[in-house]
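One structure is given below, encoded as structure tokens.
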Amino acid sequence: EFRRVLFRSGVTWGAISDITKQIKHPNVSDFASGPGAGIRLVSGPNKGRIIIPFNAVGGKDGWYNYLGYSDDLGETWGIIEGKSQYGTNESQVVQIADNKLLINARNHRFNGDSDKTPNGWNPWNFNNIARYRGLIDVFVDGTKSKWSKTRICKDLPDPQCQGGITRYSGLIGDEPSILIFTNPASTLVTTRTSPPYRYAPPKRINGTMSLSLDDGATWPIKKRFVGNRYTEFQYSQPIRISENQIGVIFESGAETRFAVVNIKWLVSGYKYAEHDLK
């Protein structure tokens with residue numbers, strides 16, 4: 001059951017409304033939003049629209065992603081027609097252009113480029129699954145959308161975990177386009193290297209912040225921002241909190257922590273990036 005809550009800056013809260021029927025994708029038994037954050041479009045014909053990414057895991061098409069939306073500040077909700085290929089799960093979204101979104105998703109697709117769910121696909125077979133993020137371009141026309149093929153992003157290693165993405169700047173105004181992504185950037189397996197591989201998922205460690213200057217096409221700038229490469233790091237969500245500063249809420253073992261990262265520290269050592277940011 002998915003519920004919405006009306007709020008006014010978090011000071012007062014309204015009645016709870018059950019919107020499951022409005023945003024549950026047909027023919028699936030299990031679905032969830034995020035986890036993480038949604039976005040509000042800042043340009044284009046649907047400016048002001050709220051977009052929430054969802055994942056469906058109980059259908060015949062294997063796991064996939066789709067989008068829910070609201071054009072009245074959360075009073076009513078609907079589903080944008082269209083969905084991803086099989087095998088992507090917990091996802092986050094950023095706006096790239098007036099009618100273009102980028103989905104960054106937990107990826108349980110097999111290695112290769114299959115359009116349909118392969119025979120024998122198992123989302124927990126860590127031997128065959130690509131250990132990198134899945135990126136998808138979504139072109140939105142009103143309440144319909146066209147999803148690109150899922151591309152396996154080898155710039156972003158990932159142990160099949162939720163990751164957080166946000167736009168730091170760009171799209172509107174004069175600042176350069178900068179996307180920020182956080183995740184446990186690790187493919188390290190330390191136990192059980194023989195079948196059944198499903199019992200040996202890569203470790204969720206090495207909390208890393210990555211930066212893209214080309215709307216997610218490449219992610220050349222990345223640094224670990226917490227602990228060492230073996231420090232536990234699980235679900236996370238970054239947000240711009242001020243000029244030059246990025247806040248990140250994240251899980252580390254049994255703790256929920258918050259870090260503030262200076263973007264100048266993040267790009268230090270990348271001379272072309274420092275020049276681009278001036």
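The values are calculated or read from the model by the stated rules, or taken from the named source; none is laboratory data. Here the structure is a predicted model, which is why all the values come from computation and not from measurement. No Cβ is skipped: glycine too gets one built from the backbone with ideal geometry, and neighbour counts run over all protein chains shown. Surface accessibility is based on the protein's heavy atoms, side chains included, excluding ligands, DNA and RNA. Shrake-Rupley method; radii C 1.70, N 1.55, O 1.52, S 1.80 Å.
Under 12 Å from the Cβ of D71, count the other residues' Cβ atoms, weight Lys and Arg +1, Asp and Glu -1, and hand me the total.
Around D71, the surrounding residues sum to +1.
So how much slack lies between K100 and T143, counting 0.36 nm per residue of separation and subtracting their Cα-Cα distance, in nm?
Numbers: separation 43, 0.36 × 43 = 15.48 nm, distance 1.30 nm.
Taking K100 through T143 to full extension adds about 14.2 nm, to one decimal.
Let me make sure I get this right: for segment 1-124, a, b and c are the square roots of the gyration tensor eigenvalues over alpha carbons, sorted descending. Under 1.5 in a/c it's rounded, otherwise prolate if a/b > b/c, else oblate. Which is it?
On the way: a/c = 2.36, a/b = 1.59, b/c = 1.48.
It comes out prolate by the Cα gyration axes.
At a temperature of 10 °C and a viscosity of 1.306 mPa s, determine how fast the chain diffuses translationally according to Stokes-Einstein, using the Kirkwood radius over alpha-carbon pairs as Rh; express D in µm²/s, rounded to the nearest whole number.
Translational D for this selection: 81 µm²/s.
Give K116/K154; K146/K223; K24/K223 a once-over and call out the pairs whose C-alpha atoms are over 27 Å from each other.
Flagged as over cut-off: K146/K223; K24/K223.
Suppose the chain between E175 and N128 were pulled fully straight at 0.36 nm per residue; how much longer would it get relative to their current alpha carbon spacing?
12.8 nm
As a test of the formula, what do you get for the chain when each DSSP H run with n ≥ 4 contributes -39,500 (n - 2.57) and the sum is divided by the residue count, at 222 nm and rounded to the nearest 500 deg cm²/dmol?
That comes out to -1000 deg cm²/dmol.
Over the chain, with every protein chain in place, what whole percent of the accessible area is carbon and sulfur at 1.4 Å, could you tell me? Walk me through the intermediate numbers first.
On the way: 6730 of 13550 Å².
Exposed carbon and sulfur together represent 50 percent of the surface.
Let me check I've understood the local charge: for R106, count other residues with C-beta under 13 angstrom from its C-beta, Lys and Arg +1, Asp and Glu -1. What total comes out? Please report the intermediate quantities before stating the final value.
Working: positive: R109, R131, R133, R204; negative: E90, D158.
Summing Lys/Arg as +1 and Asp/Glu as -1 gives +2.
How many nm separate the modelled label positions at S17 and V57, each set 7 Å beyond the Cα in the direction of the Cβ?
2.8
Which value, to two decimals, describes the C-alpha radius of gyration of segment 102-157 once divided by 2.2 N^0.38 Å?
1.23
In the neighborhood of P220, defined by Cβ-to-Cβ distances under 11 Å, what is the net charge if each Lys or Arg adds +1 and each Asp or Glu adds -1?
Surrounding charge for P220 is -1.
Which of these, G164, G207, G44, has the largest mean-square fluctuation under a Gaussian network model of the chain (Cα springs below 10 Å)?
G44
Between K154 and S43, what length in nm is gained on full extension when 0.36 nm per residue of separation is reduced by their alpha carbon distance? Working shown, then result.
Values: separation 111, 0.36 × 111 = 39.96 nm, distance 3.02 nm.
Here the answer is 36.9 nm.
On average, how much accessible surface per residue is there in the chain, in Å², for a 1.4 Å probe, leaving out ligands, DNA and RNA?
Heavy-atom SASA per residue in the chain reads 49 Å².
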